[in-house]
Each structure stands twice: as C-alpha cells, then as structure tokens.
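Please read the structure below before turning to the comments.
The values are calculated or read from the model by the stated rules, or taken from the named source; none is laboratory data. Please read all numbers here as calculations on a predicted model, not as lab measurements. Using ideal geometry, Cβ is built from the backbone for each residue, glycine included, and neighbour counts are taken over all protein chains shown. Quick note on the areas: whole protein, heavy atoms, side chains included, nothing else; ligands and nucleic acids left out. Shrake-Rupley method; radii C 1.70, N 1.55, O 1.52, S 1.80 Å.
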Amino acid sequence: MTLPSVADLTVELMLIPGLAGYETRVAAAIAAHLDSLGLPHHSDRLGNLTCTIPGDPALPPVLVFTHMDQLGFVVRKIEHTGLIRLERLGGVPERALPAQAVLLCTERGDLPALIANKSHHATSPEEKYKVLPYADLYVDAGFTSKAEAEAAGVRIGTPVTYLPRALTLANGRIAGTSVDDRAGCAALLKLAEARKGKPGPTLHLVWSVQEEYNLRGVLPAATALQPAIALQIDLLLACDTPDMTTRGDVTLGGGPGISLYSFHGRGTLNGVIPHPALVRLFEDAATTANLPLQRSAHTGALTDLSYIQFMGPEGVACLDVGFPMRYSHSALEVVDPEDLQGLVTLLDTALSAITADIKLTR
C-alpha cells in the first residue's frame, strides 16, 4: 500500500490534537499508517512510538526521530462563572494569545472555545499596546457556571490546544496548527515507506513524546535502542520574512537543510554541534540527489537531540536535519511540502550511503 503524499499526511496529523503528554491520538494515526505498510511497531511506557527496519549488522545502527506533541495549555482554574484559566505548557508566545480559538480536550469529547480579548470599545489607549501575561487571560467556552463546565468534562488539568486548522496557501504551501512537528511526523512516515526493503543500516524510527514540555521524552526509546548515529527531524527557522532577515539565509521553498550550530541560550546550557562525518554525509547526499542543502546556525532553539548526544559510553554522533518553517509556536505556522519531500529524499539518500568505514570516533 502507498501512503498519502507528505502534504496530505501533514494536514491529517495537524488536525489531531496532541498536547505534550497527551499524544495518544496522534500515535494511533501514525501506527495505522505503519500497519498499512506492514511495518511492526511498539510503544514504551512514556508513549514513544518505535518502528525498527532491520539492516546490515556491520553498519552502525541509526535512530531517526521526530516529536508528535504540540505546545498548549492545561486548565488551571474554573471560575464560578464558567470562565476558565489556563496554565501554559511549552513555549507559548503570550503576545499571540488573545482572541485565539482553542480546543478543550476532555474525556467526554473535544470542546471549542476562545481565549478572550477585551472588547475594543472598552480598551484604554495604554492597554492597546500591552501584552497580557497568560495568567491574566481566560477562556470562554460558553458555559454559564462552574458546575456546567464540570458537567461537560472540564477538569483541572484538562489539556488545551490551539484549535486544529489547516489552510492551503498559494504555491501549495500549508498554514496550520502544529506544523511543528506534525510535518516532521509525516516526513518520517514517508521515510519509513521509502526505506522498507532497502539495504542499509538497521534503522530505528521513533515518533517521540513531550519534546515541547522538557525535551527529554525520547530518552527512554533512545536508551533502549542504543544507536551509533541519531538524526532529529525538526523545523529550521525560515529567515525570508522582514522580521527574520538578520537571523540567517534559510528560505521557505529553498529545500531541506541541516543545523550547523544550535544553542538555547535562555537558561538551558545545551545545544548541538553536529558530528563532522554526518555533515559530510548529508552534503554528499544532497549532491547525489541533486538537492539544495540549506544551512542553519542560531541561538534560541533547542531539540532533544541535545540530550541524546551524551548517551552511552562513547556518546552518539548527532545531526539535526530539517525543513524551513515560518512563525514557530504560533497558532498557524507555514511550511512548503516540497521542502518536506526533499527532506525525505535527502534522508533516504544519506542512509543508503552509510558504509562500514564511516568514521564516527573523533
């Protein structure tokens, strides 16, 4: 069976809510596609979904992973009026929150709601340019009392996400909720399809959990698999909008890319300086596949690859590979499916080029 296109898979997965720690529905959709390919899979206690494609034992085993979860909120308090207060989960930009549509994911079903924005006609001049802290915001789901909200299934701790949406833009580009990292999940599914039955290294594909929460959800899976090489699929910050031009040269539609340097720089002393053998591997793969290869280096973002690189007695050779994306962590992010398809081709080509003499020691 052939999977849908990477664009269709991205849209399908974006429309499924999956807050960090609540990825079950996303994992089920991915597992169903793996079943259609006849590829076995399993989940661990934390929820990481793993599919292993056996390969040549003389080659270093490779882990390729991406995260299923999205950022959002949990219910912190239900007011007596039925209005709801939220606790932020993950790097939610407060300045983008008022008037956003959200989804309350209760055990009795999903409930649409909105983050209130004070009526314009009652807003003072000083308030018009003020960003409210998330703790001051509230959600209106239409309830008239706390009892009514609770009867509908809303509880302290109920997960809340941006309302899942997908828009088709010009040139086939997609705007949607949780492009980060459902686009990566779609690309990893297409890689599974591409690698099935091909010679090469043993390939561990992992759709991981809780990346947006603490960047460590993948660690149980990585510990169990003990890879020699780890490749993380995630976004690269597109720098082709007026507010991003000084950050780099990555452009939407410019093809897949690799990160040459990442550092969080906001209280977390971690990042990834990639293994030079993997940089060369992917540069050569891009040449072989006749693909452009964009290069990113920036401070301010972090992936869970940062923690995998230090695992085991020798560490793990690591490289972040990715796709350009605009407007990270907003309710609507933008991706070009052509970049995603190029990423699948790049990864497939690089994996086929791994030989027993690849030098991973430094």
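A few remarks follow.
- FRET efficiency for Thr245 and Arg280, using Cβ-Cβ distance with R0 set to 30 Å, rounded to 0.05: 0.55
- Exposed GluC sites (Glu not before Pro) absent - longest run of the chain, DSSP non-H/G/I/E/B, at most 15 other C-beta within 10 Å: 127-313
- Heavy-atom accessible area, probed at 1.4 angstrom with all protein chains present, ranks Leu86, Leu111 as Leu111, Leu86, highest first.
- Long-range Cα-Cα pairs in the chain (distance over 25 Å), rounded percent: 54
- Distance from the alpha carbon centroid of the range 1-31 to that of the range 270-322 works out to 25 angstrom.
- Averaged over its residues, the range 236-362 has an accessible area of 44 Å² per residue, based on protein heavy atoms and a 1.4 Å probe.
- Peptides ranked, highest mean first, by Cβ atoms within 10 Å: ranges 247-257, 164-174: 247-257, 164-174
- Cut-off 13 Å between beta-carbons: net charge of the residues surrounding Leu305, Lys and Arg +1, Asp and Glu -1: -4
- A 1.4 Å probe run over the range 80-147, with the rest of the protein chains in place, finds 62 Å² accessible per residue.
- Approximating the spin labels as points 7 Å out from Cα along Cα→Cβ, the Thr123-to-Leu163 distance works out to 1.8 nm.
- Summing +1 for each Lys or Arg and -1 for each Asp or Glu among the other residues whose beta-carbon sits under 14 angstrom from that of Lys118 gives -2.
- Of all accessible heavy-atom area on the chain, the percent that carbon and sulfur account for (1.4 Å): 54
- Local electrostatic count, Gln210, Cβ distance below 11 Å [Lys/Arg +1, Asp/Glu -1]: -4
- Alpha-carbon gyration tensor eigenvalues x 5, square-rooted, for the range 229-362, Å: 24, 20, 11
- Residues whose amide H comes within less than 5 Å of that of Val102, counting only those at least five positions distant or on another chain, are Ala113, Leu114, Ile115, Leu163 (H built at 1.01 Å from N in the peptide plane).
- Across the range 119-132, computed HN-Hα scalar couplings (Karplus, 6.51 cos²θ - 1.76 cosθ + 1.60, θ = phi - 60°) run 3, 4, 5, 10, 8, 6, x, 5, 6, 4, 10, 9, 8, 7 Hz from first to last residue, x flagging Gly and Pro.
- Scanning residues 5 or more positions from Gln294 or on other chains, those with amide H under 5 Å from its amide H are Gly257, Ile258, with H placed 1.01 Å from N in the peptide plane.
- Solvent-accessible area of Tyr134 with every protein chain in place, 1.4 Å probe, in Å² to the nearest 10: 50
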